[in-house]
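So the structure is just underneath, and the comments pick up after that.
Readers should treat all values here as calculations from the given coordinates under stated rules, not as data from a laboratory. Source: prediction; values computed, not measured. Positions of Cβ are backbone-derived with ideal geometry, glycine not excepted, and every protein chain shown enters the neighbour counts.
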């Protein structure tokens, strides 16, 4: 029997989807207790379902962007028990093939023994062997130890973004009223809307936010496609002094929460957000949590005043040199 101080017989092996998912779910749940959100809990439930229902597994790499299943990854075992995990998720970022390193978790009693570094090194070797353009990961800003480890391994910080959540019945009374009109977007708005969307959601982050530009297009064919696909997307533009101040989109999904997408200059955030929530939800109930993802620090007080709570801030990091470790 190996003690916690002796992991000489520990080893890294590839994830076995048919056998490991329950142990991986247990490990993620243990390691992220107190910080995991409801979507994270939904992911754990999904892993457990997949473990008990192997016939539902989706084996194509294209499907990874539509399912949670970690089709690739590595585990660290001691005495044939999983004590560490790392998932690898393939993505296409614009025209680049990349991997996202996720779910890096080590049992508390086995931490500070280099297991996370060994798993990450193994993952980078694998990514390099697949001729991927780069490897990405996200680390919470309240985990400085992990942040420092990844910096030492050659990852470079790309950006920091915060996810905010508004729970049902938590929308605060809006006292600041602006004299601006809000109406659905038209084709004449589309060019400007695209430009502003790209400012708030650059290519660097689109691939991992579930961002699809066609959802915002007000043209007849895109609207018809959304209707046929059962997609509910409402795009609005706010006007003041005969000019467009910015855009906001509300999207209903089958996930735990529904996102809103903000597209404007930061100086107009208060006008756009307050006007939207005052007008739209005057006649609509908030039935599910609403989320918004923005660069760290943006609209913080505005969102707090509306009733949003900060979910987490993630540091997006990238490794593209692929050194040997």
What do you get for Rg/Rh of the stretch 98-160 when both radii come from the Cα atoms and Rh is the Kirkwood radius?
0.95
Taking the square root of 5λ for each eigenvalue of the C-alpha gyration tensor of the stretch 132-187, the equivalent ellipsoid has semi-axes, largest first and in whole angstrom, of 39, 19, 10
note: the stretch 164-313, Cα-Cα separations exceeding 19 Å make up a percent value of 52
So what is the relative contact order of the chain, in percent, for Cα pairs below 8 Å that sit 6 or more residues apart?
21
For the stretch 66-201: relative contact order, % (alpha-carbon pairs under 8 angstrom, 6 or more apart):
16
Mean ellipticity per residue at 222 nm, deg cm²/dmol - from DSSP H runs of n ≥ 4 across the chain, formula -39500 (n - 2.57)
-9000 deg cm²/dmol
Which peptide among 133-141, 84-92, 11-19 comes first, and what is the full order, when sorted by highest mean count of other Cβ atoms within 10 Å?
84-92, 133-141, 11-19
How large is the direction-averaged shadow of the alpha-carbon convex hull of the chain, in nm²?
18.3
